[in-house]
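Written out below as structure tokens is the structure these notes cover.
Only the coordinates and a few stated rules stand behind these numbers; no lab work does. Because the structure is predicted, anything quoted here is derived from the model rather than measured. Please note: Cβ atoms are built from the backbone with ideal geometry, for glycine as well, and neighbour counts cover all protein chains shown.
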């Protein structure tokens with residue numbers, strides 16, 4: 001049973017064995033909202049790495065390739081691992097017709113969630129993305145995905161996305177190593193915090209997760225949310 | 001010896017054997033400017049599929065994952081296949097600091113080319129990308145990559161990119177199946193045409209390539225370019 005507001009990002013370095021990550025999935029399973037697999041994971045262990053992980057844990061699995069291609073390519077891409085995942089992440093800036101529309105239709109047909117990136121955690125996000133936030137939210141509104149991705153590093157962006165898209169789950173990356181404390185993104189209006197190294201590289205990943213979950217409980221309690229769901 | 005202005009996109013369907021694509025690489029090697037490998041190829045055959053292809057042909061290999069993440073992630077991603085490629089493709093909209101700057105620095109350090117997407121071939125490209133073309137070219141000008149990617153489906157965009165970034169090679173996808181005739185993107189100012197199914201799904205891929213190469217020679221001759229280099 002998944003629980004809490006943490007989505008754990010599984011990002012292997014070059015040459016690391018899959019067993020390291022399978023061990024983390026096994027130990028944390030049930031205490032997280034889900035797990036997120038990116039390009040480093042897929043290139044290291046292939047689709048098979050996701051399939052094997054799925055055999056160990058029924059929590060929400062999100063494949064985050066930051067998809068940003070034309071529609072039929074994105075569909076062809078996700079069809080290769082669709083049986084093992086609950087959600088995928090794509091970029092909003094690619095637009096609706098010929099891209100996110102086709103991806104959303106396909107994901108709906110197989111019952112897999114879509115989350116759309118509308119802002120990112122690094123400084124360069126200000127160059128093009130953040131000055132187009134209204135345009136990106138307009139695209140999101142046409143697609144109506146399950147979730148939106150907005151950075152924990154800029155809480156005012158999370159707050160703005162929250163106010164403009166009350167229907168969306170907000171997933172916030174950038175917690176931990178980028179200097180943002182666990183809980184800050186929830187305070188700003190996010191539903192989930194995506195946390196990688198602060199958990200997966202901790203001496204005891206389960207203990208690190210439990211400490212963060214407790215912090216989240218306190219914050220959500222203070223916000224009048226009865227318990228972490 | 002690579003030649004011509006065609007970059008062949010290798011995009012396998014689900015369940016196709018690698019041997020189909022290795023055969024295409026072997027047969028077309030020397031008659032193309034290069035080959036482009038995308039997510040469907042990487043997810044089907046892994047990094048090993050690129051490595052084995054490299055063993056068959058020394059033409060320009062471009063891995064096109066449409067990278068659109070923070071810098072250290074993109075570097076971690078491309079480091080896994082860096083020994084087998086000559087170029088990679090990333091999106092311009094992710095911006096400079098914390099993203100394309102880090103990727104470009106890394107690629108420079110290992111002598112691999114970067115091409116940046118500034119516009120795409122589908123209708124949704126007009127939602128966010130095309131109305132930000134000047135902003136994207138400003139990012140490109142800061143990064144100064146080897147190439148820019150602009151769609152054959154909108155020749156006026158290619159012409160505009162050509163005029164604003166005379167220093168860049170222009171790579172144009174969308175030729176063939178999307179209704180654009182081979183040569184039209186060269187006429188508009190592109191340096192390379194990215195062609196997939198019109199060649200790789202032809203009854204005789206080599207013959208299809210040769211027909212396109214002849215057409216290109218004619219067009220370039222008419223433009224005063226002495227021969228296809």
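The table below gives the values:
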read-out: Other-copy label distances relative to residue A:156, 7 angstrom Cα-Cβ extension, nm; value: 3.7
read-out: Expected 222 nm ellipticity per residue - DSSP helices of 4 or more, -39500 (n - 2.57), all of chain A, to 500; value: -12500 deg cm²/dmol
read-out: Relative contact order for chain B, counting Cα pairs under 8 Å that sit 6 or more residues apart, in percent; value: 18 percent
read-out: Estimated Rh, the range B:146-205: Kirkwood, alpha-carbon pairs, angstrom; value: 11.5 Å
read-out: Cα-based equivalent ellipsoid of the range A:186-225: semi-axis lengths in Å, sorted from largest, via gyration tensor; value: 22, 12, 5
read-out: Ratio Rg/Rh [Cα only; Rh per Kirkwood] for the range B:1-108; value: 0.99
read-out: Square roots of five times the Cα gyration tensor eigenvalues for the range A:94-162, Å; value: 23, 13, 10
read-out: Teacher prompt: residue A:79 distances to equivalent labels in other copies, 7 Å Cα→Cβ, nm; value: 3.4
read-out: Measure of compaction for the protein assembly as shown (Cα Rg per 2.2 N^0.38 Å); value: 0.98
read-out: Residue with peak Gaussian network fluctuation, chain B [Cα springs, cutoff 10 Å], from B:31, B:13, B:196; value: B:13
read-out: Rg/Rh for the range B:140-181, where both radii come from Cα atoms and Rh is the Kirkwood radius; value: 1.02
read-out: Exposure proxy order (Cβ contacts within 10 Å, fewest to most) of B:22, B:100; value: B:22, B:100
read-out: Residue order, fewest to most surrounding Cβ atoms within 10 angstrom, among B:120, A:74; value: A:74, B:120
read-out: Mean projected area (nm²) of the alpha-carbon convex hull when the range B:98-229 is viewed from all directions; value: 9.0 nm²
read-out: Which of A:193, B:217, B:102 has the fewest Cβ neighbours within 10 Å, and the rest in rising order; value: B:217, B:102, A:193
read-out: Cα-only Debye scattering, the range B:6-222: base-10 log of I(q)/I(0) at q = 0.10, 0.16, 0.18 Å⁻¹; value: -0.41, -1.10, -1.37
read-out: For residue A:131, label point 7 Å along C-beta direction: distances to other copies, nm; value: 1.4
